[in-house]
There are 2 protein chains.
Amino acid sequence: MNERKQHVINKAHQLFIEKGFQATSIQDILDYSGISKGTFYKYFSSKSELLIAIYKANFKKLQKERNDLLIGKNPSDIEVFIKQLELQMISNKKNKFVALYEEVMSTNDADLKHYIRITRLRSLRWMFSRFIDIFGEKNKPYLLDCAIMFQGLLQNNLQYNRLATDSNEKISNVVRFSVNRLVKLVEEVAEADEQLHPQELLEKWLPGPQKNNHEWISQFYKIINLMRNCITKHFHDKYDQEKYIELLEFIQEEIMHTRAPRKFLIESALQTLQNNPLDIWKKELLQLTQIITAFFQQLEENGEDEH
Amino acid sequence: MNERKQHVINKAHQLFIEKGFQATSIQDILDYSGISKGTFYKYFSSKSELLIAIYKANFKKLQKERNDLLIGKNPSDIEVFIKQLELQMISNKKNKFVALYEEVMSTNDADLKHYIRITRLRSLRWMFSRFIDIFGEKNKPYLLDCAIMFQGLLQNNLQYNRLATDSNEKISNVVRFSVNRLVKLVEEVAEADEQLHPQELLEKWLPGPQKNNHEWISQFYKIINLMRNCITKHFHDKYDQEKYIELLEFIQEEIMHTRAPRKFLIESALQTLQNNPLDIWKKELLQLTQIITAFFQQLEENGEDEH
DNA sequence: TCCGAATTATACTACCTGTATAAAAATATA
DNA sequence: TATATTTTTATACAGGTAGTATAATTCGGA
């Protein structure tokens with residue numbers, strides 16, 4: 001991205017943090033970042049679009065850090081989840097994102113409102129999927145409710161805690177306290193077998209990447225299994241067999257159980273499969289490539305880079 | 001209140017509900033309510049002050065209805081609490097108070113922000129005191145945390161529920177679901193013996209009527225007991241004894257356990273006590289009157305009419 | 001009927017967003 | 001180096017908003 005544009009984004013973000021979004025006029029931004037009006041409107045069609053640019057720039061970074069915390073860890077380990085939450089809460093506080101959210105909901109800018117709505121829903125979806133990691137498929141029917149309640153519970157705890165003490169180190173205490181409640185909450189709701197929001201709602205609110213789509217999932221597994229059979233049938237060399245099976249399993253693992261599947265790795269793996277000496281499974285490999293391409297396409301459409 | 005002014009308040013509230021606070025210009029209000037600019041600024045110093053007037057008008061009514069639900073009921077009955085919540089949530093939805101809250105936090109109007117802050121804290125205090133009614137003194141150390149968490153949990157449940165279905169009848173389901181979680185939450189936190197926010201914080205955030213002040217309470221009970229002893233000692237007629245004891249107990253009950261003590265009733269009771277034929281307890285009665293006067297004074301200062 | 005208070009209409013200041021445009025500066029190209 | 005092209009600036013402008021000020025008008029009560 002244009003360095004000058006990034007500079008404007010940073011300066012404007014500083015002003016928004018200090019004075020708030022509404023209270024910062026475009027003229028303020030022009031003065032503070034040292035550009036002219038013409039340039040501003042060349043970069044951004046409005047103050048709202050500038051704010052969206054700020055969000056996007058930060059979320060991308062945050063999302064990466066959040067996913068990095070999972071690398072090499074067991075996704076069901078709740079300590080990893082706590083770390084991820086802390087990371088996000090500290091970032092939220094530093095960047096005043098919550099305050100800016102609320103401010104924005106008041107504006108009459110439909111685009112901005114929509115963006116915020118989507119962002120919140122994405123956050124909910126992330127939490128829901130992490131809950132599935134942590135609390136298991138058996139609790140799935142209750143986990144959307146739990147995610148909704150936990151978000152509110154945590155947010156209020158943080159808000160009032162900030163009112164009480166303005167120290168940063170306390171955030172981890174608040175997160176841990178809240179998560180302690182969460183664990184029992186999940187148990188309790190599952191025990192009572194009560195549901196307020198069916199999990200399909202999430203898909204309705206946020207037509208997502210096909211990861212949540214059962215049809216897609218079953219098709220993906222079908223092809224993977226077909227190929228696995230191919231391998232055991234056609235490769236008699238034990239070393240080759242193992243190598244290709246491992247590649248296949250890596251692809252499966254990366255796509256199904258990684259927060260942000262690494263496209264380049266998967267493409268590389270597909271390439272290696274294609275370059276096998278026997279030249280079997282032409283059809284299956286094409287299907288696999290297609291379904292994975294579709295997956296990444298949807299991921300990007302629904303990901304952080306919408307329009 | 002001036003009928004014309006009330007008319008402006010109603011019309012403006014309609015506009016705020018339809019278009020939002022920020023999006024409604026003063027000119028819109030002038031046109032819609034049919035007054036001139038001069039008159040507007042005679043009534044309200046700004047649009048913000050008009051909004052505060054809207055809040056006050058509605059809260060007074062809501063508070064009355066909410067307290068009426070308790071009349072003749074056991075305060076520890078959770079069904080009453082559920083009814084009270086439903087009442088408030090339906091009102092919030094109808095009047096779009098939550099949306100208006102959020103909008104307001106973005107404005108740079110310090111007065112308005114302060115008012116909203118106080119209003120939210122009052123709501124929290126109300127919930128805290130109701131939790132004490134319901135879950136008992138033994139759980140008190142955990143009930144502020146529970147109130148904070150429950151507010152967030154309920155709010156989020158309602159918000160996402162509105163996103164899912166826009167029907168009004170569902171509100172009671174959401175409330176009941178949330179309260180079911182609450183009951184177990186209180187048990188669980190007490191069991192774990194974890195506390196995030198000490199209850200003194202509430203007093204610090206919202207220096208309240210002395211009802212929460214232990215010193216005042218003990219003094220109040222001391223005087224009441226002194227007078228009770230007087231009665232049993234000096235009145236030998238069984239009918240008189242019972243009558244004065246009942247008056248005393250009414251005062252105690254009304255002040256200590258009623259959400260909005262009825263000043264006129266208490267003053268009337270005090271008057272009756274003063275007019276007793278024996279003319280004993282002059283000193284004690286004076287003390288009681290003083291402490292009750294102080295109580296009502298603080299109640300009004302901290303009550304709903306803060307400017 | 002008349003006085004004074006309430007109300008209106010209107011003009012005015014100061015600020016805001018967003019558009020348009022000509023001049024100046026930076027950059028690329030020959 | 002000289003010329004062409006793009007980027008950036010400075011500035012004026014239109015249309016909107018909040019709030020102040022003031023003269024004219026209306027209305028209710030003595």
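The values are calculated or read from the model by the stated rules, or taken from the named source; none is laboratory data. Values in this document were obtained by computation on a predicted structure and should not be read as measured data. FYI the Cβ positions are ideal-geometry reconstructions off the backbone, even for glycines, and counts take in every protein chain you see.
Out of all the residues in the stretch A:71-101, which are farther than 14 Å from A:Leu158 by Cβ and acidic (Asp, Glu)? Answer for the stretch A:71-101, where residues must be farther than 14 Å from A:Leu158 by Cβ and acidic (Asp, Glu): A:Asp77, A:Glu79. Only one of the listed residues (B:Ile35, B:Ile54, B:Ile29) is within 11 Å of DNA strand D (Cβ to nearest atom) and surrounded by 13 or more Cβ atoms within 10 Å (Cβ to Cβ). That residue is B:Ile29.
Scanning the stretch A:13-38 for residues that are in contact with a Ser or Thr (Cβ under 7 Å, 6 or more places away or on another chain) and farther than 18 Å from B:Thr107 by Cα turns up just one, A:Leu30. Only residues that are in contact (Cβ under 8 Å) with a residue 60 or more places away in the chain, within 11 Å of DNA strand D (Cβ to nearest atom) and among the hydrophobic types (A, V, I, L, M, F, W, C) were counted in the stretch B:10-26, giving 1. Of the listed requirements (1) within 26 Å of B:Phe128 (Cα to Cα); (2) over 30 Å from the mean Cα position of the chain (by Cα), B:Ala23 misses just one: (1). The requirement of being closer than 14 Å to A:Ser123 by Cβ and either in contact with a Gly (Cβ under 8 Å, 6 or more places away or on another chain) or aromatic (Phe, Trp, Tyr) (or both) is not satisfied by A:Phe44. Taking A:Ile255 as the residue in question, decide whether it is within 29 Å of A:Lys64 (Cβ to Cβ) and either in contact with a helix residue (DSSP H, G or I) (Cβ under 9 Å, 6 or more places away or on another chain) or outside any loop (DSSP other than H, G, I, E, B) (or both). When the stated conditions are applied, A:Ile255 passes them. Tell me, yes or no, whether the stretch B:85-108 has at least one residue that is farther than 25 Å from B:Leu50 by Cα, more than 12 Å from chain A (Cβ to nearest Cβ), of a type outside the set (Ser, Thr, Tyr) and assigned to a helix (DSSP H, G or I). Checking the stretch B:85-108: at least one residue is farther than 25 Å from B:Leu50 by Cα, more than 12 Å from chain A (Cβ to nearest Cβ), of a type outside the set (Ser, Thr, Tyr) and assigned to a helix (DSSP H, G or I).
Checked against (1) touching a residue at least 60 places away in the same chain (Cβ under 8 Å); (2) farther than 15 Å from A:Ser178 by Cβ; (3) over 14 Å from the mean Cα position of the chain (by Cα), A:Tyr101 passes all but a single condition, namely (1). Restricted to the stretch A:38-51, and to residues there that are within 14 Å of chain B (Cβ to nearest Cβ) and not hydrophobic (A, V, I, L, M, F, W, C), the residue that is nearest to DNA strand D (Cβ to nearest atom) is A:Lys47. Looking at (1) within 12 Å of chain B (Cβ to nearest Cβ); (2) modelled with pLDDT under 95, can you tell me which one A:Ser129 breaks? Result: A:Ser129 passes all but (1). Which one of the conditions (1) in a helix (DSSP H, G or I); (2) small (Gly, Ala, Ser); (3) over 17 Å from B:Ile223 (Cα atoms) does B:Ala260 fail to meet, given that it meets all the rest? Unmet condition: (1). Among residues of the stretch B:26-58 being under 31 Å from the mean Cα position of the chain (by Cα) and assigned to a loop (DSSP other than H, G, I, E, B), the one that is nearest to DNA strand C (Cβ to nearest atom) is B:Phe44. Within the stretch B:169-190, is even one residue at pLDDT below 90 and outside any helix (DSSP H, G or I)? Yes, there is a match, as at least one residue in the stretch B:169-190 is at pLDDT below 90 and outside any helix (DSSP H, G or I).
Can you name every residue in the stretch B:70-94 that is surrounded by 14 or more Cβ atoms within 10 Å (Cβ to Cβ) and more than 18 Å from the chain's Cα centre (by Cα)?
The one that is surrounded by 14 or more Cβ atoms within 10 Å (Cβ to Cβ) and more than 18 Å from the chain's Cα centre (by Cα): B:Lys93.
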